[in-house]
Each structure stands twice: as structure tokens, then as C-alpha cells.
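Everything below concerns the one structure shown next.
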Amino acid sequence: MKLINLRPAFFGFTLLILGLVSCDKNMGNEGDTADASLSIEYEKYELDNGLNVILHQDKSDPVVSVAIQYGVGSNREKKGRTGFAHLFEHMLFQQSENVPEDQFFKTIQDAGGTLNGGTWQDGTVYYEVVPNNALETVLWLESDRMGYLENTITEAAFANQQEVVQNEKRQRVDNNPYGHTSWVIDKNLFPDGHPYSWQVIGELEDLQNATVADVKEFYDRFYGPNNATLVIAGDFEETAARDMVEKYFGEIKKRQEVKPLKVQNVTLDATKRLYHEDNFATAPQLNMVWPTVEQYTEDAYALDVLGQILSDGKKAPLYKVLVKEKELTSRVDAYSGSDQIAGKFTIRVTANSGVDLDSVESGIKEGFELFEKEGVTDNDIERIKAGLETDFYNGISSVLGKSFQLASYDVFTGDPGFITQDIENIKAVTKEDVVGVYEKYIKGKPFILTSFVPKGEMELIAENSEKADVVEEEITENVETAVAETEQEIKKTPSSFDRSTPPEMGETPKLSIPDSWTAELDDDLDVYGIEQHELPLVNFSLVIDGGHLLDPEGKNGVANLMTDILMEGTANKTPEELEEAIDLLGASIYIYTTDESIVVRGNTLKRNFDKTMALVQEILLQPRWDEDELKRIKLSTVNSIQRDASNPNVIANSVYNKVLYGEDNPLAQPTKGTVESVEGITMQDLKDFYAKNFSPSVTNFHVVGDVDKDEALAALDEIEEKWKAKDVKIPSFDVTNDRDKASLYFVDVPNAKQSVINIGYIALPRTDEDFFPAEVMNYKLGGSFSGNVNLILREEKGYTYGARSGFNGSKIPGTFTASSSVRTNTTGESVEIFKNEIEKYKEGISPEDLAFTKNALIKSNARRFETQGSLLNMLEERSAYDLDPNYIEKEEQTIGAMTLEQHKALANKYLDASKMAYLVVGDAATQFQQFKNMGFDEVQLLDKEGNEIELSALKK
């Protein structure tokens, strides 16, 4: 269920707030306004400096979350000075007067915590989740960057983060299919100077021209306590928390008054039609966007429901016309985006390859006509509202989720408990309201239309479209920005106590692994369970071994299509009826294929667990084998494969696997299959796969939540009775690391603004006794933000948005891989840095780095068992590799016992840069030639399928 304003997409990361929050105290509404059980308690008060403080206690786990949301997003910027809010989000992680450079992340990780921040149009948030003994440390850090930062904003630190943010834009926008879509839409929907007319990431020119004085002024205006809400949620003592808040935040002075923004809804006098030839797209995409209204208005709620009725599900009119009847696309999205000061309604269709977007536009109009003819039914409204309660509980399943929601409602409505009214507003939407907003905002009204088409396929754009003035960065030689940085003592802002000394953390919570149970059914199905009664939710998974490994020879993609066809109805239910049955339970059931398994996952309320499991049993044991649906699924899969062919990250992973595993290994082939293999798959292939490979004898069931062992097993009675075991042979494949040289492989993506780098070789299976120790060994190299490769490539050089390294493996040997996406003109140097750091790491790490590794990995176990999702993952890992129930305790012992000598020995055993494959996916015209002079044993140019080609074969 997509809810109004509960899913802000932050530019630094994507934050999904999936549920709803209410409260028992300070509700402000009495009577029959909401189910009394849909609530959490909180206390709210205000400091003298204007900081709003919200406390929510939850002692179910020894974990605490802190979130600070500021009332500043890109909507507070000015034309010519865009991107400041997001840039400043990055600056606040650098250092402050009492926290040294790069210590925000390291301090929290050393405490066993996690942290991040995000910026969107209407706000900025910072958050930490830590073991409960580290609460004071978090408040010390957050208060220091709120009140004691300005004197540390230097030219060098600022220049570095300018580069990091520009690389983020290259990675998320410039190097992605359809990346410039939002820029084109917002620039033309909103008038010049409107706060929503620019992107959160900002204009590249504005980012390059910004000065230290600019950002200091922005900080002083918007980052004061009087423009923020602080939320503490989790296991803490209220009196102590209040004292700490007062100590660390109470003396911070108010900043400039921040006046509320006025609503600035817009209208269009005429439709605007624009196009762009997209360097990375292989399929055309059409957007139609109408101006609407701001959040929390009656019309905003109805518009949200309208979007779901138009496009969500098989009964939706746009799905019927565009997907089922005309086969123009495999998916259509219609959704409302009502934000703080304005709103818009979007229909987005990524068409099948070669489809003329005029036909898509015509199909949308036919979908509207069908909607007008069929109208809105009571069942439509009921289906959409059925998931409210499930969404609520999913949203408060972690202390972080509670923190986000309490902060968001407080900032935007002044009431952390506004969800009580918000739920009622959603429930109050009627059929008439939905039809009313369609007629008011959509039917016959002007809109923005965008056509994004692959390069050279101008014939696909919608008629009468004008060229959008997208500005794309040119690839130039790398020129380091020289910044004269003089060593000088940081001027300290006066404080009533010594802020330079971090607070003592006290004792870390001891490891406490939740009790679990197991059972083996008569049909050989193994069952694993954990009871968690905090919320009336149940999460479960059914994992069938085999997956992609069992694809028949020449039929790559059968397992993937198998999981799709199972969700397309049952013997007793049409696809529409099955979908509706799941929706009316407020549940979710989905199936997917991995290299080594097929997985059925579900999420439901406790009271609907039996009914949800009955549907799982029906899906699993009574397939419909619908030929029409298979035709549609195959078309969708083929188009997905074709779209992937232009995505640099997908290309990199595909070619990397082929280079390492070899052409004949299934792990070198995509799980989806190829265009040719998918087109050749028949319904009989799926039936044969099902008959041969679906068996409880190779299946494990996992369940976590508000059900006990007896209830869980009772829900499996029919599966146990009707699903008969058979002998399933899962093939084994020889996977060895036979590399004996350093090879540079380059795949050309013309005009790429970034290069994707993958470096590594075949390493270990998950089942090897050295696998977990090797993961521990890697942690300081590239296992976290504070890893060496990230500190150099991102924090020191500013070449990338992030760099990591790590081991992955299963029952089959996996890889060691170091990877990043770097600015194009730093490609060669970045590869060299990776190579040097991997070799240097074999010399050993310092005692301080080993202590940091141990603290980060051991202390973080306090957060490991908080959510049902994390517990489910733990059960899946345990069952897949037949691990001891207390395997995490043994892992903790391995970490604690590791010595510097053992660490060095592992690095020398499993890291050898002289034998690794170095894959680069980027612009060959400007970057390929340099590698011939960089000491590699071989340098090869490959096509996107991993075949060697000559330089002369490159597209001109």
C-alpha cells in the first residue's frame, strides 16, 4: 500500500517508510478515530532553544535509534544556488569542532552501530542505530554537528565533498537509463524559480561554483535547533535521556527564524511535449505528468487511491489496455506525489523495445476511457485499504522506523501522532472522491509529456515533441583541484563543559540469541521457527533448493519463468482472483529465483496467517499453467533483458561472472536467461521442471513472528499431506581459481560519465572453515564506509560515491571482489589504487584497526535480532548451510580470538592482486589505451557479452 508522504526518496539513499505511527499519549483526537491497537506511546517536549524532542521507549531489544530531521530540503534553495541541502548533508559527516575528520562513521561503527543521512525536496534527516550503551555518544556527535560545525568548514573538506556529490550525480543520474527524466519534468512543470523546479542533487554548474561562504550561510539559516526535531526511540531510561538531551543540546543557540513555506501549487496553460535521446536506454519510456495539490489535503488522499486503481493489479484499466490487450509494456505505474508545497500526478510507462510512444499515449487514453466506463467499485476501495494495518505494523517493526515516522509527522504537521488522523483520512476516501479528483486534475487537463528514446531511434518519440535541453557533462582529463590548506588550530565555540572528550559508553549488551525451534515433517520438509510476539505479524519463507542451477541445458531462464508463472493464478483462481485474495488479506506473497534456490516469501497479520498459508499451498501445489500469462511473462522478461543490456552495472556483473566462472558454468549465465533462450521456452518446459524439481525433500520452511510452533506446523498440514517427496538431483559444477596473471578487461560504453570497476577472482564457498575469518579479515580493507579503499577513493580523492570489497559464497565457491563506480577521467588511477591497497593490506594492519574491526563486528550483534526480517534471514542462512543454532556465538568467538598474525596470514592466503581479473566498464575511447602501459599481464577489449574484440570494432 502506497501511502501519502510516507515514502520520501532521499538522494543520498532510498528510505522506504512502509507503515504508519500513532500514539496513546497526546493523541489530540478522542473517540472512534482509529483502532486503539494501532498506536505507540511517545512523550514530546521542547527545549528553550526551540528543539522539539520526542521520546519513545521500546525495551524489546537492547538497541536505540536517534533521528534528527531538519526542516530544510532542496525547497529552501534559490536558483543558481541549488544542491546545497544535499551537499550540506555530506559536509555534516566530515568533522566538527570536537569530532575529528572522518570520525563520525568510525565512532558509530566502533560502537557496533550504523548511521546515514538523507535529503529530499522537503527535508533532511540524520540517523543512528546503536546498542543502548552508546546513546550518549550519539547525542554528543549529533549535537556537535548541530552547534559546533561552522569553524571546521574548510576549503579542502568542501572541495572533496563537492567531488563526492558530483560523483553521486554521475552514478545515479548521468550514467543511468532515464536518469534525466525528473530534471526534464520538474523544469517544465514548475515555473522558473519554483522550489521544486530543480533537482535535489542540484545543477552541476551550481555545485562547481558553490563557495565555502555560501554553505556557511546556508548552515546558519537552516541547521539550528529551532528548525529540527530530535527523536530517541528504543531501550533507554527516560530521565537519563532527558538529562543527556539537555546537556548536549540545551546550550546550542537558536539560529535565524525559519518561516514556514507557503503552498505553491501550479497550473499549466497548455500541454508540453518533450523528448530526449538517452545514451543508456534500450527501450523507450513515456511520462505524463499533471500538476495537483500539496500533501495532507482531501484531494491528495483521493489522488493516491486513484493512482492505485488506475495501474495496480490485473484489474486496473491501464494494465488491461497497455499490458494485456496491446502488449506495449510489461508494467505501467500511476502514482500521486503530493509534497509539502505542491503536488503532481504521474503515469510512467517503459515500453517494450521498438514500441512507438504514440501508441503508448493512445493506450493511456483508452485506459482512461475504460476507467470512466467501469468506474470505481466498493471492492476497489476495500482492496486498497485492506493493507493499512499490515503496513502500520511493518512500519513500526524497528526502532528506526518509529523514529523516522515520529520525526516526519512532527516536522510536517506539528503532531507526531498525526497518523491517527492520517489513517482516518485514508479510510474516508470514497468512490466519488476518486472520480472527482480524476475529473478535476486529469481528464482533459494539460500535462507534461516526456519521450526518452534510445540513441538513434527518433521515430519512437511521441508526435509534436520538442527537444529537451538536457545538459550532459563532457569527459575531460582529470585535473586535481589544488587547495591550499594551512594547518591551524580549530577555533572552539564556548561550551559549559569539555566537548572534546567523548562520553564513556559503558558495557556493551551481551549477545542474546533468540530461542528457535525445528521440526521435520513426514514429507521430509524441514521447518525452522522463532517466536516473536511484539507485533501481530508473521513473516515466512519457503526455500526450494536448485533454482537456476537446475535450468535444462539450452533452456537458461526456466527456473526464473517458473516463479513468475506460479503467481499467475491457480487451478481454482484466475490471476485476477488470486491477486485480489492476497490483497484482501492485507498480505504479500512473492516468489523469486536465485542461482541456487526458488524462494516463496510472505508477510501477513497473525489472524490471517492460516488463510495466507492456504493460498501459498494453493499456489505451490495447484499451478494454473496459463498460456496467455506465459506469453506475457516471456515478453516482459525479454524486454527486461534488453533493457539490462545498456545498464553499466548489469553489464559489469554479467561479464565479470563469465570471466571468472567460464562460459559453461550456470553462474556465468544470467538467471533471467538470454533473449534467445527465453523465447525458446515452452509451457511444457515449465511443467517438466516443476514435476522433476519441486519437492519437500529439498525444501526448508522458515517462520518468524506471532505464532508458536504448534500454530506454524498446523498451517503446514495440507502441504505435508499433499506434497509428495521425490529424489531431486542438484548438479555440481567444478569451480576453481586457476588464474595465474593480472588481466585487464575493458567493456566499452560510449560516453559513460563513470567507469564501473570490478576486481577479483574465485575464492571460497560459504561452507569453508576460512570463509567467515576471511570476511573478518576484509572488513578494514573494504567491508564498510571506514574501509581503506573507501577512505582513499571517496574521502581523500573524491573520485567516487563509494568503494567496497568483500567475499561472497554459498555451497559453491564465490568470489572476492573489490568494486566501485568512479569518475571517468580517474579510471586508471582508481584501478591502480585498488591494486596497491590490496597488496599493501597483506603487510598487516595496526592493532588499532584490528580493535576497530572486532568492536564493529561484535558490538553490532546487539542490533542483529531486532526485526522479523533479520531473524528470518538468520534462519535461512542456518538451514542452507546446516549451521549450529548458536553459530553466531561461534562467529563472535572467531572475531574476538583473531590475532594480528592470523589476520595477516589470511590476507596473504586469499588476496593476490597479481592474479586477479580487473574489469572496467566505461568509455573506451578516452580510457582504454592507458591500461596497456600499466603493467598488466594482458589487456583485452571485450564486447557486452564478454567476447574479445579489436579496438577497430568499437562503435564510432
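The values are calculated or read from the model by the stated rules, or taken from the named source; none is laboratory data. The shown structure was predicted, so the numbers you read here are calculated from the model rather than taken from an experiment. No Cβ is skipped: glycine too gets one built from the backbone with ideal geometry, and neighbour counts run over all protein chains shown. These accessible areas exclude ligands, DNA and RNA; they are computed on the full protein's heavy atoms, side chains included. Shrake-Rupley method; radii C 1.70, N 1.55, O 1.52, S 1.80 Å.
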Does the stretch 109-129 contain at least one residue that is closer than 21 Å to residue 84 by Cα, part of a loop (DSSP other than H, G, I, E, B) and open to solvent by less than 10 Å² (accessible area, probe 1.4 Å)? yes
Given the conditions (1) touching a residue at least 40 places away in the same chain (Cβ under 8 Å); (2) open to solvent by 50 Å² or more (accessible area, probe 1.4 Å); (3) assigned to a loop (DSSP other than H, G, I, E, B), report the number of the one that residue 769 does not fulfil. (1)
Restricting to the stretch 248-261, name every residue that is crowded, with 20+ Cβ neighbours inside 10 Å and part of a loop (DSSP other than H, G, I, E, B). 252, 255
Which residue is farthest from residue 641 (Cα to Cα), if the candidates are limited to the stretch 530-570 and must be touching a Gly at 6+ places or on another chain (Cβ under 9 Å) and among the small types (Gly, Ala, Ser)? 541
Under 7 Å by Cβ, and 6 or more places apart or on different chains, what pairs join a residue from the stretch 524-536 that is within 13 Å of residue 869 (Cα to Cα) with one that is open to solvent by 70 Å² or more (accessible area, probe 1.4 Å)? 529/709
What do you reckon, is residue 919 in contact (Cβ under 8 Å) with a residue 40 or more places away in the chain, surrounded by 13 or more Cβ atoms within 10 Å (Cβ to Cβ) and part of a strand (DSSP E or B)? yes
Restricting to the stretch 510-526, name every residue that is open to solvent by 30 Å² or more (accessible area, probe 1.4 Å) and in a loop (DSSP other than H, G, I, E, B). 510, 511, 512, 513, 514, 515, 516, 522, 524
Among the candidates 98, 132, single out the residue that is open to solvent by 10 Å² or more (accessible area, probe 1.4 Å) and within 26 Å of residue 234 (Cα to Cα). 132
Out of 54, 4, 17, 68, report the one residue that is within 30 Å of residue 194 (Cβ to Cβ), modelled with pLDDT of 85 or more and among the aliphatic types (A, V, I, L, M). 68
Residue 541 versus (1) free of Cβ contacts under 8 Å to residues at least 60 places away in the same chain; (2) under 30 Å from residue 673 (Cα atoms): which is the lone unmet condition? (1)
Scan the stretch 407-434 for residues that are assigned to a helix (DSSP H, G or I), open to solvent by 50 Å² or more (accessible area, probe 1.4 Å) and within 21 Å of residue 379 (Cα to Cα) and jot them down. 427, 431, 432, 433
Where the second residue is assigned to a helix (DSSP H, G or I) and open to solvent by 20 Å² or more (accessible area, probe 1.4 Å) and the first is more than 19 Å from residue 120 (Cα to Cα) and lies in the stretch 198-210, which pairs have Cβ atoms under 9 Å and are six or more apart or on separate chains? 208/162; 210/162
With touching a Leu at 6+ places or on another chain (Cβ under 9 Å), among the hydrophobic types (A, V, I, L, M, F, W, C) and under 30 Å from residue 613 (Cβ atoms) as the only criterion, which of 756, 735, 728, 789 stands out? 728
Given the criteria within 19 Å of the chain's Cα centre (by Cα) and open to solvent by less than 10 Å² (accessible area, probe 1.4 Å), does residue 168 qualify? yes
Residue that is nearest to residue 195 (Cα to Cα) [pool: residues in the stretch 153-165 that are in a helix (DSSP H, G or I) and open to solvent by 10 Å² or more (accessible area, probe 1.4 Å)]: 162
Those residues of the stretch 815-828 which are crowded, with 22+ Cβ neighbours inside 10 Å and of a type outside the set (Val, Ile, Thr), in sequence order: 816, 818, 819, 820, 821, 823
Being at pLDDT below 95 and either open to solvent by less than 50 Å² (accessible area, probe 1.4 Å) or acidic (Asp, Glu) (or both), is that true of even one residue in the stretch 330-340? yes
Only residues in the stretch 603-619 that are touching a residue at least 40 places away in the same chain (Cβ under 8 Å) and farther than 12 Å from residue 586 by Cβ count as the first member; pair them with residues that are of a type in the set (S, T, N, Q) and crowded, with 21+ Cβ neighbours inside 10 Å, Cβ under 9 angstrom, at least 6 apart or cross-chain, and list the lot. 613/604; 618/570; 619/570
If only one of 368, 345, 404 is buried (at least 23 other Cβ atoms within 10 Å of the Cβ), part of a helix (DSSP H, G or I) and in contact (Cβ under 8 Å) with a residue 24 or more places away in the chain, which one is it? 404
Out of everything in the stretch 540-580 that is open to solvent by 30 Å² or more (accessible area, probe 1.4 Å) and polar (S, T, N, Q), what residue ends up being nearest to residue 631 (Cα to Cα)? 574
Being farther than 22 Å from residue 818 by Cα, among the basic types (Lys, Arg) and not in a strand (DSSP E or B): is that true of residue 932 here? no
Here the residues within the stretch 730-744 that are part of a loop (DSSP other than H, G, I, E, B), under 16 Å from residue 835 (Cα atoms) and not charged (D, E, K, R) are 742
If you go through the stretch 262-297, how many residues are open to solvent by 50 Å² or more (accessible area, probe 1.4 Å) and under 30 Å from residue 424 (Cα atoms)? 5
Pairs where the first residue, in the stretch 144-161, is of a type in the set (Val, Ile, Thr) and the second is part of a helix (DSSP H, G or I), C-beta under 9 Å, 6+ apart: 153/91; 153/212; 153/215; 153/216; 153/219; 154/212
Taking the stretch 180-218 and keeping only residues that are open to solvent by 20 Å² or more (accessible area, probe 1.4 Å), within 23 Å of residue 283 (Cβ to Cβ) and either basic (Lys, Arg) or touching a strand residue (DSSP E or B) at 6+ places or on another chain (Cβ under 8 Å) (or both), one is left with 188
Quick check, is residue 759 in a strand (DSSP E or B), touching a helix residue (DSSP H, G or I) at 6+ places or on another chain (Cβ under 7 Å) and crowded, with 22+ Cβ neighbours inside 10 Å? yes
Quick one: count up the residues across the stretch 489-503 that are of a type outside the set (A, V, I, L, M, F, W, C) and in contact (Cβ under 8 Å) with a residue 60 or more places away in the chain. 9
Residues of the stretch 593-610 satisfying the condition of being within 19 Å of residue 538 (Cα to Cα), of a type outside the set (A, V, I, L, M, F, W, C) and touching a Ser or Thr at 6+ places or on another chain (Cβ under 8 Å): 601, 602, 603, 604
Test residue 747 against the stated conditions and say whether it is in contact with a helix residue (DSSP H, G or I) (Cβ under 7 Å, 6 or more places away or on another chain) and in a loop (DSSP other than H, G, I, E, B). no
